[in-house]
Amino acid sequence: SRDPSPPHHPTTRHASTMASSFGNTPGMHLQDLILDAKHTATNEQKAACLKLLRVVIKNLADPARCTDAKYRQLRLSNEKVQAKLLPCPSAVEYMMAIGFAKITDIDGAAYLRIPVETTVNPSHMAAALQELTNAIALVEPSSSSASAAAAAAA
């Protein structure tokens with residue numbers, strides 16, 4: 001008779017062990033980016049960062065593009081990435097929470113890349129796209145009423 005593995009068997013992967021903690025969810029990193037308790041980025045920098053994230057996620061929400069390596073990586077030395085993404089440390093954590101990993105290629109170039117063995121779910125990316133669009137509305141310098149609404153909701 002075969003003895004099935006108990007639920008706590010180390011080789012069994014459960015949804016509860018997929019993320020290291022509640023604080024490692026994409027939504028938590030997005031919230032950290034918006035609130036920026038350490039005051040490391042201006043609202044203009046946050047908006048630019050969120051807009052870059054939106055472009056990345058929009059491409060991943062497209063079933064025709066989400067398998068293309070071109071849309072599954074960002075070179076960290078890229079001028080736009082350095083100017084828009086890196087001033088907001090939570091943005092890198094957000095990208096890692098949605099499936100990107102920090103990778104250094106043989107030539108020494110550093111990337112945020114979704115590993116080839118990782119399947120991107122376009123419907124999850126579409127949901128993330130909506131969250132990013134909402135986040136941009138909260139930090140846009142021109143939308144003071146959205147900022148007031150965010151402060152009231154906090």
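The values are calculated or read from the model by the stated rules, or taken from the named source; none is laboratory data. Every value quoted in this text rests on a predicted model; they were computed, and no experiment measured them. Here the Cβ is made from the backbone with ideal geometry for all residues, glycine too, and neighbour counts use every protein chain on show. The protein model used for the area step is the full one, side chains on, heavy atoms only, and it has no ligands, DNA or RNA in it. Shrake-Rupley method; radii C 1.70, N 1.55, O 1.52, S 1.80 Å.
Residues 94, 71: which one is crowded, with 20+ Cβ neighbours inside 10 Å and hydroxyl-bearing (Ser, Thr, Tyr)? Walk me through how you get there before you give the answer.
Details: 71 fails: crowded, with 20+ Cβ neighbours inside 10 Å.
Just one listed residue meets the conditions, 94.
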I need the full set of residues from the range 52-68 which are open to solvent by less than 70 Å² (accessible area, probe 1.4 Å) and either more than 21 Å from residue 138 (Cβ to Cβ) or out of contact with any strand residue (DSSP E or B) (no Cβ under 9 Å at 6 or more places or on another chain) (or both), in order please. 53, 57, 59, 60, 61, 62, 66, 68
A careful count of residues in the range 62-81 that are within 20 Å of residue 93 (Cβ to Cβ) and aliphatic (A, V, I, L, M) gives 3
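Filter the range 85-119 down to the residues that are among the aliphatic types (A, V, I, L, M) and more than 15 Å from the chain's Cα centre (by Cα), then identify the one that is farthest from residue 59 (Cα to Cα). Walk me through it before giving the result.
Step one: list which residues in the range 85-119 are among the aliphatic types (A, V, I, L, M), which gives 85-86, 91-92, 95-98, 101, 103, 106, 109-110, 112, 114, 116.
Keeping just the survivors that are more than 15 Å from the chain's Cα centre (by Cα) gives 103, 106, 109-110, 116.
Numbers: 103: 20, 106: 26, 109: 22, 110: 21, 116: 16 Å.
Only one residue fits best here, namely 106.
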Counting only residues that are assigned to a helix (DSSP H, G or I), surrounded by fewer than 19 Cβ atoms within 10 Å (Cβ to Cβ) and of a type outside the set (S, T, N, Q), how many does the range 35-51 have? 3
Of the residues that make up the range 81-94, is at least one in contact with a Lys or Arg (Cβ under 8 Å, 6 or more places away or on another chain), in contact (Cβ under 8 Å) with a residue 60 or more places away in the chain and in a helix (DSSP H, G or I)? no
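Taking the conditions exactly as written (part of a helix (DSSP H, G or I), within 20 Å of residue 41 (Cα to Cα) and touching a helix residue (DSSP H, G or I) at 6+ places or on another chain (Cβ under 9 Å)), does residue 125 satisfy them or not?
Values: part of a helix (DSSP H, G or I): yes; within 20 Å of residue 41 (Cα to Cα): no; touching a helix residue (DSSP H, G or I) at 6+ places or on another chain (Cβ under 9 Å): yes.
So residue 125 does not fit the description; no.
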